[in-house]
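Any read-out appearing in this document is the output of simple, stated calculations on the displayed coordinates, not a laboratory observation. Keep in mind that what you see is a predicted model, and the values were worked out from it rather than measured. Counting neighbours? That spans all protein chains shown, and the Cβs are built from the backbone with ideal geometry, glycine included.
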Amino acid sequence: MSQHHLGVVGLGVMGRNLALNALDAGVDVSGTDLGEDAVRGFEDEAAQDGHQVTASTDLDAFLDALPRPRNVLVMVPAGAPVDAVLKSLAPKLAEGDLVIDGGNSFFKDTQRRHDEMAAKGLHFFGMGVSGGEDGARHGPSMMPGGPKEPYARVAPILEAMAAKVDGDPCVAHLGNGASGHYVKMVHNGIEYGLMQLLAEAYDLMKRGAGLSNDRMGDQFAEWDAGELQSYLVGITAHILRQPAVVDVQPHEMPGDETPPENMTGKYLLDFILDTASQKGTGKWTSQDALDLGVPTPTIDVAVTARYLSALKQERVAASALLGKPAGRVPGDPEELVSALGDALLAAFLVTYAQGFALLKRASDAYEFDLHLETAARIWRGGCIIRSDLLETFREAFRADPDLPNLLVAPAVSEKLIGHRGALRKAVVLAAQAGIPTPCLSSTLDYLDAYRSEWLPANLIAAQRDYFGAHTFARIDEEGMHHAQWEPAGL
């Protein structure tokens, strides 16, 4: 055995690909899974790549193959399956062994598991992994959090497996307790926001400007070659150009829309039903932001937009009753397209800023001891929200680790001031055409509110005091006050 070893529990798509990635990096890997087919498939695929592995459906045999102290990566679905694996593993492990949960677990579950394992003398990490199937195989961004001592032991393994940006691995110890899964949760929340923003830009160009798929694909590719360079913008260009393939089976859609049997010359995107599902990480982000009192409206609305998309039957019926939106923007469509690139850049900046503001507040509230510069650094490659903008954010947090919000960092505020006019124009044109842009609109509202020296919340404070004697603060006196309001005569 080499000095670097890793045991992988769960040889599904992500677990198998991370295990193969580790093998390529020179790590000795053992694997286990409840399914015989998964075990044999892992052995066969490893052999095809010239690797010899130990794999078994027997947990004891799996653990016996690992030198002590053991490093065990658990790659099973979040929730009850993780608890079931830990329940089976814990009695068989020895003091000093390390277990890493690499799934998308809820951070409060991770904190509970961390405490339970620590009580048994075992180390436990929650580690977010981003990059999908391809990233897991060839280099993901990984976000581990937990005790520092065992991290030093597995750092060479994870760094060898991670994506690299200018030779710098996209993995680092992030902080205490459940910090790793919290950072991954916020990563996914930002991802929700960016995806919805891109969908709204697509909608404005499709319905608002009447552009073809090829023209839109070219536009996204052009944006990806500029300041908006990012994984999500890049794949959007590819998606728009993807032709429909013959093995895609037409399925009956609500209403009288039925895809033609002959898809020659058509685009796959146009045959995909306009509903989007979710696995919950975006919702968790919004829920915890509300608990901590951190405004994240772009993320919140992106989650809501997915729920709204799922109401397909209701939307079809409402369209017939209430009438469809006008659809086309007024004026020259190319003016809209020109504004959209700058609008997206401004909206991207604000979305990332909301996510990092949440990380900052959570670090204090949960005693994670996060370093936001580190989070920005490891998100530059491998992960779904990777973007050239993250280098700007990294430099901003390096210059001022206590930055309250990215929007006040000089490099970010300069970009934002130069592009916010385009964001306003895009929102106005969309409103005139009746095309919904919930994320673009809420992003603009957040920006306008955040830079407002005065907001009308004094009226809300007065209302609360009027009906509930909740008191209010004054601009001219210290402390909290209650007024004897004149009766309304109602």
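Couple of notes before you dig in:
- FRET efficiency for the pair Ala317 and Trp485, taken as 1/(1 + (r/R0)^6) with r the Cβ-Cβ distance and R0 = 35 Å, rounds to 0.15.
- Positive-pole candidate from Ile190, Met142, Met127, dipole of the stretch 109-211, charges at beta carbon: Met127
- Charge dipole (debye, nearest 20) of the stretch 403-490; +1 at Cβ of Lys and Arg, -1 at Cβ of Asp and Glu: 560 debye
- Relative to the longest principal axis of the Cα atoms of the chain, the long axis of helix 297-309 makes an angle of roughly 90 degrees.
- Shape summary: the stretch 185-450 maps onto an equivalent ellipsoid whose semi-axes, from the alpha-carbon gyration tensor, are 33, 20, 19 Å in decreasing order.
- Charge tally around Glu43: other residues with Cβ under 13 Å, Lys/Arg +1 each, Asp/Glu -1 each, net -4.
- Cα-Cα over 25 Å, subset of Lys206/Lys425; Lys120/Lys279; Lys87/Lys108; Lys184/Lys266; Lys87/Lys164: Lys120/Lys279; Lys184/Lys266; Lys87/Lys164
- The orientation-averaged shadow of the Cα convex hull for the stretch 354-447, equal to a quarter of the hull surface, comes to 7.0 nm².
- Ranking of Met14, Met75, Met142, Met195 by count of other Cβ atoms within 10 Å, fewest first: Met195, Met14, Met75, Met142
- Spread over its residues, the convex hull of the C-alpha atoms of the chain is 203 Å³ per residue.
- Extension gain, Ala119-Asp83: 0.36 nm per intervening residue step, less the Cα-Cα distance, totals 11.4 nm.
- Rg then Dmax, both in Å and based on the Cα atoms of the stretch 27-109: 13.3, 40.
- Per-selection metrics, the stretch 5-177 (Cα): Rg and Dmax in Å: 14.7, 42
- The relative contact order of the stretch 281-432 comes to 28 percent, based on Cα pairs under 8 Å that sit 6 or more residues apart.
- For the stretch 146-187, the spread of Cα positions along the three principal axes, ordered from largest to smallest, is 28, 25, 12 Å.
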